[in-house]
1. Give me the inter-chain shielding for B:342-351: mean count of other chain Cβ atoms within 10 Å, whole number please.
2. Length gain on complete extension for the stretch residue B:160 to residue B:242, per 0.36 nm per residue less the alpha carbon to alpha carbon distance?
3. When the accessible area of each residue in the range A:57-80 is compared between its chain alone and the complete protein assembly (1.4 Å probe; ligands, DNA and RNA ignored), which residues differ by at least 40 Å², being lower in the assembly?
4. Set the bar at 29 Å for Cα to Cα. Now go through B:342/B:478; A:28/B:37; A:28/B:80; B:215/B:248; B:70/B:375 and name every pair that lies beyond it.
5. Using a Förster distance of 30 angstrom, determine the FRET efficiency expected from the C-beta separation of residue A:28 and residue A:2, and round it to 0.05.
6. To the nearest 20 Debye, how big is the dipole of chain B about its Cα centre, given +1 on the beta carbon of each Lys and Arg and -1 on that of each Asp and Glu?
7. Just to compare against my own numbers: the Cα pair-distance distribution for the range B:145-208, 5 Å bins, whole % per bin, please.
8. Convert each backbone phi in the range B:359-368 into a coupling constant with the Karplus relation 6.51 cos²θ - 1.76 cosθ + 1.60 (shift: θ = phi - 60°), then list the ³J(HN,Hα) values in order as whole Hz, x for Gly and Pro.
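The values are calculated or read from the model by the stated rules, or taken from the named source; none is laboratory data. Just so it is clear, the model here is predicted, and its values are computed rather than measured. Using ideal geometry, Cβ is built from the backbone for each residue, glycine included, and neighbour counts are taken over all protein chains shown. Note: areas computed on protein heavy atoms with side chains; ligands, DNA, RNA excluded. Shrake-Rupley method; radii C 1.70, N 1.55, O 1.52, S 1.80 Å.
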Amino acid sequence: MTSHAVTANRLTDGQVVYLTPARTWSEKLHASQLAEAGDDANALLQSAQASVEARLVVEPYLIPVDTDATDGQTPRAVGRRETIRAAGPSVRLDLGHQAAQE
Amino acid sequence: MYRYDEFDHTVVAERVLQFRGQVARRLSGDLTEDEFKPLRLMNGLYLQLHAYMLRVAIPYGMLSSRQMRKLAFVARRYDKGYGHFTTRQNIQYNWPRLDEAADILDELATVEMHAIQTSGNTIRNVTADPFAGVAADEIEDPRIYAEIIRQWSTLHPEFSFLPRKFKIAVTGAPHDRAAIKTHDIGIALKRGPDGETGFEVFVGGGQGRTPVVAKSIRGFLPKRDLLSYLEAILRVYNQLGRRDNIYKARIKILVNEIGVEKFTALVEEEWRHLRDGALALPDDEIARIKAYFASPAYLDIPGDVPEFDSKLLTDPAFGNWVGSNVTEHKVPGYAIVTVSLKPEGGIPGDATAEQMEAIADLADAFSFGELRVTKDQNLVLADIRKSDLFALWQGLRAHGLETPNAGLLTDIIACPGLDYCSLANARSIPIAQRIGTRFGDLDRLRDIGDITLNISGCINACAHHHVGNIGILGVDKKGTEFYQVTLGGSADENTTIGDIVGPAFGEDDIVDAIETIVDTYLGLRTDGETFIDTYRRVGLAPFKETLYAAR
Ligand code: HEM
Ligand code: SF4
């Protein structure tokens, strides 16, 4: 089974965010709540709807994630598009979320 | 340059106020995203991968130094210190906030700029030859007519909800630097039977997933009929263009489906009713607009400038830059300068706020305070005295703006691709950077000569890859980036769509493939042949062979 996270863009500034276990939004993929594909994942996506209505985010959707090979739980983006969304432009390492991280 | 009249000012000011209200209603919850999205798009605000993106119109690419400084200010204050100049002669900001978008538009309005009709199914920003008014080969200044079209098409009530976006380009010179045949309508100034100037009208060009070269539907159109004829074309399209399928909605599809003869007949019929109506352009209206584009106060100076000639000999780096980035001007003693936004390993079309300010200062010092943006994602200083070229070059060099590669292989045109764009299949910029670095050697670059290389991150073809001499298209194969190569495209008066060479190349092989193509050309060319000349003579086969033989 593949794990999924919910991602969206924040309404005020368009930044990429992820849904956390506390049903808040984080800029860090590794802070996201994971759910197994299927009913669990759909329920997680459904729970993001409240944030859409509260005008926190737009267009939430599910993304499959891998878990880090070393610790078996830290989520990692799958595919080029979501990797770039999670980090920032691959040609400007000084910009996007990657700039804030070490 | 054109200056806004009261009407323009009022329209723009009202529009910003309206948009401010719409943003406030979105933030307060009175508008849902579905309701708001079309409204923000009408004001040039997209949502991309990492943030919003704001596209600002630069009518036919013309900017005053004052406007350029404002663009720099916006980049610094509201964005991340840079902007991206595009193939549509516009600028895009990659990181604006929604809650500051109206403030940005207010700032832009102070210098007569806006984002109206930079998105949506409207007539988009009109583009033109970046050498307008100064090219030695020009029949008449295309900006006069581009401006007339801008005024007619801005907030045109009948054409605010066309079947699809609509792009118009104008050239005043026989050598087309505006790629008019890749536009929905292309207009070329032309001399008529009695020596008077008018237009040849081309329709149905386009790129995207169905690239088409525009076809001539009228060999000669008198000036007074420009707007009535355009109105007739737009009416036929608005009525018959398909609205059921976004991929078949552009005018090129309509022209292909009903045939160019039928399409032309419909336009001519519609035009008969419009021709002598309110849209007929009186001479004094043309003269009024023309006055805005009057030549600056050129000095009566000799064409030969000995101090320039001697600098060419004593400073080879300067000589190299002059060789590629300086073009003949219609007035003796002056020159046209292309400022390359393609430094080796850089991001094509990006400029920092500091660079924008530096170039605005140089425009004030040396070029009557004016600048242009080109469809090749470079900038132009159009009126430089030859005796000032050396000082200008030094000024550019202080800001990394002296790359001597205009028109050469590393003058790569690239869209934002998967690094920014939510529609992308693959990255464009890193490929451009790697090709730029591979071909960094200037002697080699100059030996290769004139060539265009265009890279798009998906089939929408924002970087014109179909009409690049070498075109690269990013595709996605099961989550991995691949690059399809086309050869033989061109975007000038002999516009052609490139031919696909064969299977796509992986990320690790694409730069080698480009080198193989270039080496194949070098091996085949005869004296004086450019890449496109050789390609047209020998065709695809030899390139296919060298590219795939070893595989
Ligand atoms: C990042 C946001 C962008 C989006 C969402 C976008 C979207 C599109 C789409 C959907 C098309 C295809 C239109 C069609 O075939 O009907 C297109 C075409 C085009 N775009 Fe973009 N584009 C973007 C950025 C750019 C940039 C950065 C440039 C300039 C470098 C550009 C210039 C063009 C041009 C020249 C065409 C082809 C001409 C045509 O057939 O319309 N676009 N774009
Ligand atoms: S060509 Fe595709 S990837 Fe590139 S900017 Fe246009 S829509 Fe985005």
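1. Numbers: counts 0, 0, 0, 0, 1, 3, 0, 0, 2, 0.
Counting Cβ atoms of other protein chains within 10 Å of each residue's Cβ and averaging gives 1.
2. That works out to 28.0 nm of additional length.
3. A:58, A:59, A:80
4. Working: B:342/B:478 32 Å; A:28/B:37 26 Å; A:28/B:80 20 Å; B:215/B:248 18 Å; B:70/B:375 21 Å.
Beyond 29 Å between Cα atoms: B:342/B:478.
5. 0.90
6. Around 1560 debye, computed over chain B.
7. In whole percents, the pair-distance histogram is 4, 16, 23, 24, 18, 9, 4, 1.
8. Ordered by residue, 3J(HN,Hα) equals 6, 5, 5, 5, 4, 5, 6, 10, 9, 6 Hz.
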